[in-house]
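Here's the structure, in structure tokens; my notes come after.
Each reported figure results from applying straightforward, stated rules to the coordinates on display, with no laboratory input. In this text the structure is predicted, and so the values were computed from the model without any measurement. As a convention, Cβ positions derive from the backbone with ideal geometry for all residues, glycine included, and neighbour counts pool all protein chains shown.
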Amino acid sequence: MKGFLLQTSVIALGVFFILGSGGPQYGDTADDTDDTTDTDDSSGTTPGIPSDFKAVSAYEGAILSWNSTSNASSYELCYATENIDSYSSCSSYDDGTLYSVGSSTSVALSSLTAGQPYYIRVRAKNNLGNAGSASTNVVVTPGLGLNDSGITVCRESGSVNVSCPSTLFPNQDAENGLDPIATDNTDGHAGFDFTRLDEDGAEAAASATDWACAKDNITGLIWEVKLRTNGEEVVGNDGLHDADDSFTWYSTDSDNNAGTAGDDNSALASCFGYDASDSDSYCNTDAFIDRVNDAAYCGLSNWRLPTRQELNSIVNYDVVEPAIDLAIFPYTPSEVFWSGTSVYSDSSSGDQAWATNFNYGGSTKVDKTATHRVRLVSDGQ
Amino acid sequence: MKTIISIALSLGLLSGVAQAQSCNTAIEDSTPDIRFVTSGDEVKDLMTNLTWKRCAQGQVWNSATSSCVGTVLSLSWSQALSQGTGDWRLPNIKELLSIVEISCSAPAINETIFPNTPDDYFWTSSPYINNAQAWLVLFEDGNDEGGSKSNGNSVRLVKDGDS
């Protein structure tokens, strides 16, 4: 009986929508309690702000997505190379461009400039073309594709390096991509291409012995560089970015935590500034992100955990212990680093997150309550 | 157990593919459809500018059903490296990890783009630097690990987007 009632109400809703989309003559009673900015009932309901607007860096482009918005029949973007204060003045901003998406809630932008941060806002329109308010700016920096692996040697069946190419083992990693053609190792091993940044986000002097961040000129991402300037492997004695600090995985983002937030205050984690009476100082990934954003490290306030794939992008598979270029990322311990990506679970509680073991570069699934290292990433700004 | 299998068979659940993929909606998709531009048996990934074979080696593209049919080849590392012709080659570890769909399991891949992908180990072109193995990606869960170069594993080829 319950099923029958449900079915009936769905049919009734269907009729309602068909009538509702019929046009201006409909809606006198339904709209009266709605949006106060909607002065003309015959114009339909103005759509809300598209939620969960995300931009992911792509090859000379960006992949954008957002949640569908009630009363929306189409979506429209404004993107520019500076912050968009006023959506309606889109074209007045540097490289300001309006882009009609249609009814889809995702789009791939192409032909953007790699390495250039773009600011993007999205808004919804109803079937009469009336636009709702736009989202806030999201920032994304288009890249040039994947980083190469770093591998510069060929192998046959054993573990001895052989000259490339090998007849029996042809066309290996070392023979393709950026690694074999890169000539400059000062910007990173083989095909890697990083720019070292100081605490204000300016390019660090060539003579600098320490730097705060590293901009990846291929992926467009900016990475936190860890510090151990005091020369000792002591937790918290090098400030907020101490290479020796460890954290539990914690995120309340129910769209992306597989149902389990993790552990916000473990006795096993230890980090700079910890105070048991102050939850802002806890040694979990979420609180740490907030602290780095509050500090506007390298001039940036959109620091976050890297996805598993982003964290993998800085692995240098040509070396182990650690599997990273220490000339770009000094003091990196041969330890496990968290990604922000939860591990698939067939239940409503996903208790694990993906991490990368920088001892050798492999991925690993770890309980969110474990304590591991963190290297934050930013989309630029 | 017998009953369960016969019910599953009658529903067509066990016809050829061992089990159905499942995905977790509380994890962001890592490989949404919008990333890909398909062209028959090939697909270009807009995120990486790489072009992939939609079928594993051994499978054949069926354009009528937009699927991959046939038996996936099980190849040693030497055989896997030798599969590529022209611009096609074995992907390196970062390239192969880039098409893992992290929110899904069995297989951890976008099945619209890469239909009928087995939940198996796939070879990369990357040797393990500190031992005699080479890197594999397991598409059951998307994890990576080293494997003996003489073992038989699956292969999916890639080429640079501009080639």
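Per DSSP H run of at least 4 residues, take -39500 (n - 2.57); add these up for chain B, divide by its residues and hand me the 222 nm value, nearest 500 deg cm²/dmol.
Details: 3 runs with 19 residues, N = 163.
Taken over chain B, the calculation gives -2500 deg cm²/dmol.
Can you pull the mean other chain C-beta count within 10 Å for peptide A:72-80?
Details: counts 0, 0, 0, 0, 0, 0, 0, 0, 0.
Going residue by residue through A:72-80 and averaging, the value is 0.
Amide H to amide H, which residues 5 or more places from B:S67 or on other chains are under 5 Å from it, using H placed in the peptide plane?
Placed amide hydrogens put B:N62 under 5 Å from B:S67.
Could you tell me how far the Cα centroid of region A:133-212 sits from the Cα centroid of region A:334-356, in Å?
Centre-to-centre (Cα) distance: 25 Å.
Would you order A:S163, B:S148, A:S246 from fewest to most other beta-carbon atoms within 10 Å of each residue's own beta-carbon? Could you put the intermediate results ahead of the total?
Values: A:S163 7, B:S148 14, A:S246 21.
If I rank by nearby Cβ atoms, fewest first, I get A:S163, B:S148, A:S246.
Just check region A:184-381 against the gyration tensor rule for me: Cα atoms, a ≥ b ≥ c as the square roots of the eigenvalues, rounded for a/c under 1.5, and otherwise prolate or oblate depending on whether a/b exceeds b/c. Provide the component values of the computation, followed by the final result.
Details: a/c = 1.64, a/b = 1.34, b/c = 1.23.
Because a/c hits 1.5 or more and a/b exceeds b/c, region A:184-381 counts as prolate.
Using r as the Cβ-Cβ distance of A:S281 and B:D41, and R0 as 51 Å, what FRET efficiency do you calculate, to the nearest 0.05? Mind dumping the intermediate values first?
Numbers: r = 55 Å, r/R0 = 1.08.
For A:S281 and B:D41, the calculated efficiency is 0.40.
From the square roots a ≥ b ≥ c of the eigenvalues of the alpha-carbon gyration tensor of region A:54-140, which class results: rounded (a/c under 1.5), prolate (a/b over b/c), or oblate?
The shape class here is oblate.
If you fit an axis through the alpha-carbon atoms of helix A:285-294 and take the longest principal axis of the Cα set of chain A, what angle between them do you get, 0 to 90°, nearest 10?
In chain A, helix A:285-294 runs at an angle near 90 degrees to the longest axis.
Run through all the Cα pairs of chain B and give the fraction in each 5 Å bin from 0, expressed as whole percent.
Percent of pairs per bin, in order: 2, 9, 17, 21, 21, 15, 9, 4, 2, 1, 0.
So if each residue of separation counts as 0.36 nm, and I subtract the Cα-Cα distance between A:L98 and A:N265, what length gain in nm does that give?
Between A:L98 and A:N265, full extension yields 55.6 nm more.
Show that you can apply the helix-only estimate: for chain A, add -39,500 (n - 2.57) for every DSSP H stretch of four or more residues, divide by all residues, and state [θ] at 222 nm to the nearest 500. Spell out each step's value before the answer.
Values: 3 runs with 34 residues, N = 381.
For chain A, the value works out to -2500 deg cm²/dmol.
List, in order, the whole-Hz ³J(HN,Hα) value for each residue of region A:266-271 obtained from phi through the Karplus relation with A = 6.51, B = -1.76, C = 1.60 and θ = phi - 60°; use x for Gly and Pro.
Values per residue, Gly and Pro as x: 9, 5, 7, 7, 8, 7 Hz.
Taking the beta-carbon count within 10 Å as an exposure proxy, list A:W303, A:W249 from fewest neighbours to most. Provide the component values of the computation, followed by the final result.
Numbers: A:W303 24, A:W249 32.
By the 10 Å Cβ count, ascending: A:W303, A:W249.
Among A:S279, A:S104, A:S207, which one shows the highest mean-square fluctuation when chain A is modelled as a Gaussian network with alpha-carbon springs under 10 Å?
Result for chain A, Cα springs under 10 Å: A:S207 fluctuates most.
Does region A:91-237 classify as rounded, prolate or oblate by the C-alpha gyration tensor (a ≥ b ≥ c root eigenvalues; a/c under 1.5 gives rounded; else a/b over b/c gives prolate, otherwise oblate)? Working shown, then result.
Details: a/c = 2.85, a/b = 1.52, b/c = 1.88.
Here region A:91-237 falls in the oblate category.
Based only on other Cβ atoms within 10 Å, what is the fewest-to-most ordering of A:L268, B:L46, A:L197?
Values: A:L268 11, B:L46 20, A:L197 23.
Starting with the residue having the fewest Cβ neighbours, the order is A:L268, B:L46, A:L197.
So what is the relative contact order for chain A, in percent, with contacts set as C-alpha pairs under 8 Å and at least six apart?
Working: 888 pairs, mean separation 46.9, N = 381.
For chain A, the relative contact order is 12 percent.
Using the alpha-carbon atoms, what tilt in degrees (0 to 90, nearest 10) does helix A:2-20 show relative to the longest principal axis of chain A?
Approximately 80 degrees, to the nearest 10.
Any idea how far apart A:S86 and A:S348 come out in nm if each label point goes 7 Å out from Cα toward Cβ?
4.7 nm
What residue among B:G86, B:G152, B:G70 shows peak mean-square fluctuation when chain B is described by a Gaussian network model with Cα springs under 10 Å?
B:G86
What FRET efficiency comes out for A:L326 versus A:L128 if R0 is 56 angstrom and r is the Cβ-Cβ distance? Round to the nearest 0.05. List each step's numbers first, then the result.
On the way: r = 60 Å, r/R0 = 1.06.
Plugging the Cβ-Cβ distance into 1/(1 + (r/R0)^6) gives 0.40.
Could you list, in their original order, any pairs among B:K44/B:K159; B:K44/B:K94; A:K365/B:K53; A:K215/B:K53 whose Cα atoms are separated by more than 21 Å? Please list the in-between numbers first.
Working: B:K44/B:K159 9 Å; B:K44/B:K94 16 Å; A:K365/B:K53 29 Å; A:K215/B:K53 32 Å.
Going by Cα-Cα distance, A:K365/B:K53; A:K215/B:K53 fall outside the 21 Å limit.
List every residue whose amide H lies under 5 Å from the amide H of A:E335, counting only residues 5 or more places away in sequence or on a different chain, with H placed 1.01 Å from N in the peptide plane.
Close amide H contacts, sequence-distant or interchain: A:F358, A:N359.
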